[in-house]
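Engineer: First the structure, then my questions, so here it is.
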Amino acid sequence: MKSIRITASLSAMLLVVIIAGCGKDDDSTGPDTSIPAELIATWTYQSATINEIPVSLGLALQWHEGTVSARFTISDDGTFVNEELDSDGMLIWTESGTFTVSGNNATITITSNSDGPVNPPDVMSGTWALDGNELTLTTTLEGLTVVIVATK
């Protein structure tokens, strides 16, 4: 079950990280952690593929039972929150943490979820692309290429 949660967390977090780094040019030598204004938003998951085959978001993100939609929020302080919702819009599961961006690479660190602190934190990475209001996150997990699309 832990690998299922990690998959969901990874996908969600990578999306957040990817969004954070998009469109930012900086000459600094370290990772760029500043968040462009167009990325500070609440993003809603739209579609997913695994190895280029369309799959349900629930499968790709390993949603908890009863989840029908999910969203994640990026804040200008480098934090994120991922939320799974039921058909009434009620919160079923949440994860939060931090993210960093370096070029088109992103690293997400999940530090807490609905069960409490995540110790040690889950750390994931992948790549991102932003086209207007559409964010595409790509990661490799257990040899599978997972692509998630979200909009704001």
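The values are calculated or read from the model by the stated rules, or taken from the named source; none is laboratory data. Bear in mind the structure is a predicted one, so any value in this text is a computation, not a measurement. For neighbour counting, all protein chains shown are included, and Cβ atoms are generated from backbone atoms with ideal geometry for every residue, glycine included.
Engineer: I'm trying to understand the selection: among the residues of region 70-95, which are farther than 15 Å from ILE40 by Cα and part of a strand (DSSP E or B)?
Structural biologist: ALA70, GLU83, GLU84, LEU85, LEU91, ILE92, TRP93, THR94, GLU95
Engineer: Right, here's the next one. Among the residues of region 115-152, write down those that are surrounded by fewer than 13 Cβ atoms within 10 Å (Cβ to Cβ) and closer than 19 Å to HIS64 by Cβ.
Structural biologist: ASP115, GLY116, PRO117
Engineer: Report the residue count in region 68-106 for those that are touching a Cys at 6+ places or on another chain (Cβ under 9 Å) and surrounded by 16 or more Cβ atoms within 10 Å (Cβ to Cβ).
Structural biologist: Residues in region 68-106 being touching a Cys at 6+ places or on another chain (Cβ under 9 Å) and surrounded by 16 or more Cβ atoms within 10 Å (Cβ to Cβ): 1 in total.
Engineer: Here are the criteria: (1) under 15 Å from SER96 (Cβ atoms); (2) of a type in the set (A, V, I, L, M, F, W, C); (3) modelled with pLDDT of 50 or more. Tell me which single one LEU10 does not satisfy.
Structural biologist: Looking at each condition in turn, LEU10 falls short on (3).
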